[in-house]
Amino acid sequence: MTDRIEAAAAELRPLLQEFILWARENAPGSDSNLVGSVVLWHRLIASDNVGRWKRADLRTVLLDRMPQVVEDPDAAADGMVPAVRSYLTFLSETDRLAKGSSSLKELLAELDDLEDDFVDAMEDIVVDQDEYEDDEEDEGLGDFEPFADELAELPTIRLRPDAELAAATREATLITKARDLAAWVGSERRVGETSLLTDAEITEALAALGLPAPTAGGKALADSVPALWNIWNLAIDLDFLQPEGEDTVSADADTADWPFEEDDDALDVWMAGLHSIDYGDPELEDEEATIALSGLTRALLVRVLLATGSKPLAELRAELAEAAAEYDERGAEAWAAATAQYGDPLNPVLDWLAGYGMVEVEHDQVRLTPLGMEGVVHLTDDADIELDARPAIDAMTALDLLSFSAELPEEEADAEFAAWMELREPDRAAKELLEAAAEDDADALVRVQAASMVGSLGEVAVPAWQDALDEPSLRPYAATHLAQLGVDDAPPPTQADTHWLILDMLTISAGLGRPEFVSSLDDIGNVPNLVNLLDVIWKVPHPHLEELLEAIGKAHPDKQVGKAAKRALFKARSTHN
């Protein structure tokens, strides 16, 4: 079946590409990407001729096959039938609807008849998936969800700058070992079906990594070196090892360059292997016992985080032993087995985390490193749990400050700004803030935040405001503040400047919801004033002009305003085009 699918997909690709181009002009509201699977299965199960469509084919493909193969039932429910309607119209209008097909009118009527049934089928899949996910979401030893409330109440977590974190990644011994293993693998090394390497190769690889060879026992050598396979898997996670066809693997060309010089490159590598923390869980002779302790590494991390980054090892050991017994009926037995094998079940956990640069253990105290704190914040985010995590004040850029402050309550934002200002001269701070605000002229909220902060600095910010006159997105703010400060020879604010400020205000209120947006329109003035404004504001080259005019036309309850907004939108689009 796979060969047939591949052959049919290749056959259909040119036709679908033509449809996508056609749809851009003729059916811009339809999602042409949703058509591919329908057309493919039509070809496989309903018709040898891709252009021959009968009414019965639609029911066969959409109601019988799609529920079995659809990947995103939500998207399919919303857009698949309209997309198929566009596709059939495309076939008809380009003379591709083959002889023997039902008429386009009959096909579209059939689509109308079965649309409700199709949507119901997609919704049933969504419900089934949700129930399955609920069944799968039983709390485990490594789940963060039970701690969500406690994590949300943690004080602000301060993260170190990328340069410091990147330097720490270059010191991570496990990444170095993964590189060394990839270097040993070299180019196009054959791997076996039952084990990755032969016994001779395993011995060589252990020597290359400086790992001890296992003592003689009854097990196969490949089953006696879990540390080697963990590093092998890490090398794959880091893209240090790449598949080269069937049963062949090679070191990536860039692997030998580790540690990478560029900070972003170094951090990207480390982040790619972050989920390797699970390799730190104890591996026991009994597979069920191993499963009972799966998640132990994550369980340790979340408890250290809850202790604000440092916790006594003895307390961790006691808490985790109790948790293992609670989460799995074999947890206590598995803990005892891990104690016998490792001396302490936390030894492999801490060895891996230390090797990945995430924890330090000193005087029986386990402490998250800055790199470890960064990693745990990412893990909690992956679990959809919110933390108050921000850059450290001394590492916070002006853009960081603006971005975070925009989301904070006013008092908290003021405190953040005051702490940031303590580390800078006011004139330099003003320059940094306005330069950051100019980086993205589409971000009105950051721009308003910057103008407010710089405005609070008074006359010392005059040079920064004067420089900002050359930035179109900041000129309205600069002209306004310079006029308020009574600066000689400063250009007075123009009507276009005022209109820009209004559009920024509307952009922000539009993001707050329809009631706030309509309220901000009312603040501008009565209906005649709004109509007069719309008759001229379409000339302003604001990045959100068209979407705001469209939103005004839809949201404002007065028909005069709606019509004026539509006229302005037409003029703006005509000018832009």
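The values are calculated or read from the model by the stated rules, or taken from the named source; none is laboratory data. It should be emphasised that the depicted structure is a prediction, and the values quoted were computed from it without experimental measurement. So basically every Cβ, Gly included, is an ideal-geometry build from the backbone, and we count neighbours across all protein chains shown. To get the accessible areas, we keep the full protein, side chains included, count just its heavy atoms, and leave off ligands, DNA and RNA. Shrake-Rupley method; radii C 1.70, N 1.55, O 1.52, S 1.80 Å.
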Among the residues of the range 269-286, is there at least one that is small (Gly, Ala, Ser), over 17 Å from HIS378 (Cβ atoms) and under 31 Å from the mean Cα position of the chain (by Cα)? no
Please determine whether any residue of the range 161-171 is farther than 30 Å from ASP265 by Cα and either in contact (Cβ under 8 Å) with a residue 12 or more places away in the chain or not polar (S, T, N, Q) (or both). no
Scan (1) open to solvent by less than 70 Å² (accessible area, probe 1.4 Å); (2) in a loop (DSSP other than H, G, I, E, B); (3) within 30 Å of ALA178 (Cβ to Cβ) for the single condition LEU408 breaks and write down its number. (3)
Tell me the residue from PRO212, PRO259 that is at pLDDT 95 or above and in a loop (DSSP other than H, G, I, E, B), please. PRO259
Please work out if SER86 is part of a loop (DSSP other than H, G, I, E, B), among the hydroxyl-bearing types (Ser, Thr, Tyr) and either within 23 Å of ASP112 (Cβ to Cβ) or modelled with pLDDT under 85 (or both). no
Among the residues of the range 155-194, which ones are farther than 26 Å from TRP258 by Cβ and either charged (D, E, K, R) or surrounded by fewer than 16 Cβ atoms within 10 Å (Cβ to Cβ) (or both)? PRO155, THR156, ARG158, GLY192, GLU193, THR194
Taking the stated definitions as given, is ASP31 charged (D, E, K, R), surrounded by 13 or more Cβ atoms within 10 Å (Cβ to Cβ) and either over 30 Å from the mean Cα position of the chain (by Cα) or under 27 Å from ASP120 (Cα atoms) (or both)? yes
Quick one: which helices (runs of 4 or more DSSP H) sit completely within the range 8-73 and have at least 3 residues that are within 17 Å of SER101 (Cα to Cα)? 35-45, 55-59
Within the range 536-577, count every residue that is assigned to a loop (DSSP other than H, G, I, E, B) and either surrounded by 13 or more Cβ atoms within 10 Å (Cβ to Cβ) or among the aromatic types (Phe, Trp, Tyr) (or both). 9
Please specify each residue of the range 237-256 satisfying the condition of being within 27 Å of the chain's Cα centre (by Cα) and part of a helix (DSSP H, G or I). ASP237, THR255
ALA222 fails exactly one of (1) under 21 Å from PRO370 (Cβ atoms); (2) hydrophobic (A, V, I, L, M, F, W, C); (3) in a helix (DSSP H, G or I), namely (1)
If you check ARG65, ARG85, ARG55, ARG24, which single one turns out to be among the basic types (Lys, Arg) and closer than 20 Å to ALA9 by Cβ? ARG65
